[in-house]
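The values are calculated or read from the model by the stated rules, or taken from the named source; none is laboratory data. Keep in mind the model is a prediction, meaning the values are calculated, not measured. Note that we place each Cβ from the backbone using ideal geometry, even for glycine, and neighbour counts take in every protein chain shown. We work out accessible area using only protein heavy atoms, side chains counted, and drop any ligands, DNA or RNA first. Shrake-Rupley method; radii C 1.70, N 1.55, O 1.52, S 1.80 Å.
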Amino acid sequence: MPRPRKSLGQHFLRDLSFVRRIVEAAEIAPGDTVVEIGPGRGALSRRLAEVSPRLVLVELDASLADRLRETFADRPTVTVITADAREFDPDTVAELTGRPYRVVGNLPYYAAAPIVRRFLELPRKPEMLVVMVQREVAQGMAARPGDMGLLSVGVQVYAEPRIVCHVPPGAFAPPPKVHSSVVALKVRPRPAVAVEPLETFFDLVRAGFAAPRKTLSNSLSVGLRVPASTLAPVLESTGIDPRRRPSTLSIPEWEALCVAWRLAGSPGRNAREEPDTAGEPHVVERPAG
Ligand code: SAM
């Protein structure tokens, strides 16, 4: 067996009780197609192959993908694709075209947030994602007002998160340095905010978290590069106290703020084109715990 590649986040599940928890959380029904991200040596895939009418395995490591093709050679319902999940397009896979699907995976830590973001922002999203990620990332995804960050808003606009279980390092070989959690993301039929285009909403939220320890008024002023006095009437029209911290706002409050900001002519809108904010993802990785 080749040595695990650290650069690809290869920590293989050896405690199979967590395989059961993950598969149960995915609520796979007859007729469902499942996409597993990062199948590795197949700990989850073997169980998924038993309960899924169609299973698509997406693995970046070509040698692991080849081994999986051998493992599942006698299972015509299993398809192995060698690809980077951050660029995956379900419409390029015959088994997935036009079908609803679910995503399951023990994700590599280095790419967990971009992979989740990829699927949540696809035009044809999965119905559900059940993913193992670093514990702090799972908690960030599921945070409530008071503890919310850009990651929480980015995920919860598209999905309802639920922490399924926490997983200690000893459940993997080799054990990672961090704790992990399984999070289930039930994808909403439509985004939780009605702002069009949604990019404008995320522009404002990103600006609002530019200085997350400051007050909302100061943080927005930093992020939008406009004086706090310019934003005062915008905040006042929403009834949101400008002295609150950005982490305390709910998604409906961010939406109300965005609507008011647009009505005021989107002051500072072009600030996002400056180099230090341009191209930042909606869903960002939190620093390692
Ligand atoms: N599912 C297996 C398990 O639970 O034992 C392996 C999980 S391991 C944490 C992550 C897996 O994702 C590895 O097999 C790794 O090669 C694969 N991987 C890493 N980066 C990837 C990417 N960008 N796209 C798809 N797979 C990736």
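In this structure, Thr97 qualifies as in the same structural domain as Val131 (by TED's automatic domain parsing), modelled with pLDDT under 95 and either over 29 Å from Pro189 (Cβ atoms) or among the β-branched types (Val, Ile, Thr) (or both). How many residues does region 252-267 contain that are within 12 Å of Asp203 (Cβ to Cβ) and among the small types (Gly, Ala, Ser)? Residues meeting the conditions: 1.
If you filter region 195-211 down to residues that are assigned to a loop (DSSP other than H, G, I, E, B) and at pLDDT below 95, you find that the one that is surrounded by the most Cβ atoms within 10 Å (Cβ to Cβ) is Val195.
The one condition from (1) within 12 Å of the ligand (Cβ to nearest atom); (2) of a type in the set (Asp, Glu); (3) under 19 Å from the mean Cα position of the chain (by Cα) that Asp89 does not meet is (1).
Thr33 satisfies every condition listed in (1) open to solvent by 10 Å² or more (accessible area, probe 1.4 Å); (2) closer than 29 Å to Arg162 by Cβ; (3) more than 7 Å from the ligand (Cβ to nearest atom) except (1).
Results for (1) open to solvent by less than 40 Å² (accessible area, probe 1.4 Å); (2) touching a residue at least 12 places away in the same chain (Cβ under 8 Å); (3) not acidic (Asp, Glu), shown as yes or no for each residue.
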{"residue": "Thr92", "(1), (2), (3)": "no, no, yes"}
{"residue": "Thr97", "(1), (2), (3)": "no, no, yes"}
{"residue": "Tyr110", "(1), (2), (3)": "no, yes, yes"}
{"residue": "Pro114", "(1), (2), (3)": "yes, yes, yes"}
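Yes/no matrix, rows are residues, columns are (1) at pLDDT 95 or above; (2) surrounded by fewer than 18 Cβ atoms within 10 Å (Cβ to Cβ); (3) not in a loop (DSSP other than H, G, I, E, B):
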residue: Leu235; (1), (2), (3): yes, no, yes
residue: Pro252; (1), (2), (3): yes, yes, yes
residue: Glu255; (1), (2), (3): yes, no, yes
residue: Cys258; (1), (2), (3): yes, no, yes
residue: Ser266; (1), (2), (3): no, yes, no
residue: Arg272; (1), (2), (3): no, no, yes
residue: His282; (1), (2), (3): no, no, no
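Candidates are the residues of region 36-54 that are more than 10 Å from the ligand (Cβ to nearest atom) and outside any helix (DSSP H, G or I); the one that is surrounded by the fewest Cβ atoms within 10 Å (Cβ to Cβ) is Pro53.
Which members of region 216-233 meet the condition of being open to solvent by less than 30 Å² (accessible area, probe 1.4 Å) and hydroxyl-bearing (Ser, Thr, Tyr)? Within region 216-233, Ser217, Ser219, Ser221 qualify.
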